[in-house]
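Engineer: Take a look at this one; I'll ask things after.
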Amino acid sequence: MIKASRLLRHVGRTPELFSVWRQTPDWMGVTKRYLEIGEPIYPCQIPLSGGGMFEVNSVGELKVFWQIFVHNCYTLPLRCETILDAGANVGIFSVWAARKQPQARIVSLEPFPATFRHLEKNIHNNGLQERIRPVRYALASTTGPRQIRGGGDSPNNGLVLGGMEDSTDNAIEVPCISLADFLKSEQFETVDLLKMDIEGSEWEVILSTAAAVLHRIRHIIVEYHEVNARFGYTPAQMIAHLSSAGHRLTHREENADRTGLAFFSVS
């Protein structure tokens, strides 16, 4: 009775249910986990329609799957042969993009060691080793080691901001690289798409990157997060800096927590 009443409360989400039905043959199990009906066990496997599968390790990772595969929160440009996935987590966006754009080559950056191992596993589970290359780096304003938070849901593991270093076991040291240095090391003259979901570090990366470097990236999708007010970061500041690099804001949405998703394209 309790399960039935909870499902009835979500009857208005029929389009979502149809979408998840299209994405996975285990649409019922995925939906129950997403709605937190029953006592879901993690890790769990999500088979994908057409072949392949994901292994997700927490409700946070499952929600990322739902946002990308079911809500279709991202769109890809028509010409999209080179994709840089910064903050790849366990590879959900990378695999989704590879399925959407069969000609694309994708570099997936994920610095957290345990999450990186799951990223590699999901790439292998989908037979995409030739098209998705995982790299254990975090994007940052400068190249060098930094601390990253651990101990929570993997989608929330972000770099510790400057002056807020953590001496406890909640943080570990990871390798970081600036966007300019990474493009140079990869010998990328241009990138078709940069997707950035790096849990608060997007501000320092974008604002520290020269306009000439940002102009070499045709499209940018950035999830931006609310950070400590003393850093003075604002969406207007980010939009202005990208505008100086020739990028035009094409779409932006923001929730009540001031976490937003913004799409930019070179004019």
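The values are calculated or read from the model by the stated rules, or taken from the named source; none is laboratory data. Computed from a predicted model, the values in this text were never measured in an experiment. With ideal geometry, Cβ positions are generated from the backbone for all residues, glycine too; neighbour counts draw on all protein chains shown.
Engineer: Step by step: first the residues of the range 31-47, then only those that are more than 20 Å from the chain's Cα centre (by Cα) and touching a residue at least 24 places away in the same chain (Cβ under 8 Å), then the one that is surrounded by the fewest Cβ atoms within 10 Å (Cβ to Cβ). Which residue is that?
Structural biologist: Gly38
Engineer: Taking the range 81-96 as the region of interest, how many residues are in contact with a Leu (Cβ under 6 Å, 6 or more places away or on another chain) and small (Gly, Ala, Ser)? Don't jump to the end; show me each part of the working.
Structural biologist: First pass over the range 81-96, keeping only residues in contact with a Leu (Cβ under 6 Å, 6 or more places away or on another chain): 83-84, 86, 88, 90-91.
If we keep only those that are small (Gly, Ala, Ser) as well, we get 86, 88, 91.
Residues meeting the conditions: 3.
Engineer: Having 2 or more residues that are free of Cβ contacts under 8 Å to residues at least 60 places away in the same chain and either touching a Phe, Trp or Tyr at 6+ places or on another chain (Cβ under 6 Å) or crowded, with 20+ Cβ neighbours inside 10 Å (or both) is the bar; report the helices (runs of 4 or more DSSP H) wholly within the range 190-267 that clear it. Write out each step before concluding.
Structural biologist: Working: elements: 202-208, 211-214, 235-244.
Answer list for the range 190-267: 202-208, 235-244.
Per-residue answers, yes or no, for (1) in contact with a strand residue (DSSP E or B) (Cβ under 9 Å, 6 or more places away or on another chain); (2) in the same structural domain as Trp203 (by TED's automatic domain parsing); (3) within 27 Å of Pro175 (Cα to Cα); (4) crowded, with 17+ Cβ neighbours inside 10 Å:
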position	(1), (2), (3), (4)
Glu61	yes, no, yes, yes
Phe65	yes, no, yes, yes
Leu78	no, yes, no, no
Ile83	yes, yes, yes, yes
Val95	yes, yes, yes, yes
Arg117	no, yes, yes, no
Asn125	yes, yes, yes, yes
Leu128	yes, yes, yes, yes
Ile132	yes, yes, yes, yes
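Engineer: Limited to the range 181-213, what total is found for residues that are of a type outside the set (Asp, Glu) and more than 15 Å from Asp85 (Cα to Cα)?
Structural biologist: Our first condition is that a residue be of a type outside the set (Asp, Glu); within the range 181-213, this holds for 182-185, 187-188, 190-191, 193-196, 198, 200-201, 203, 205-213.
Cutting the leftovers down to more than 15 Å from Asp85 (Cα to Cα) gives us 184-185, 187, 200, 203, 207-213.
Looking only at that region, the number is 12.
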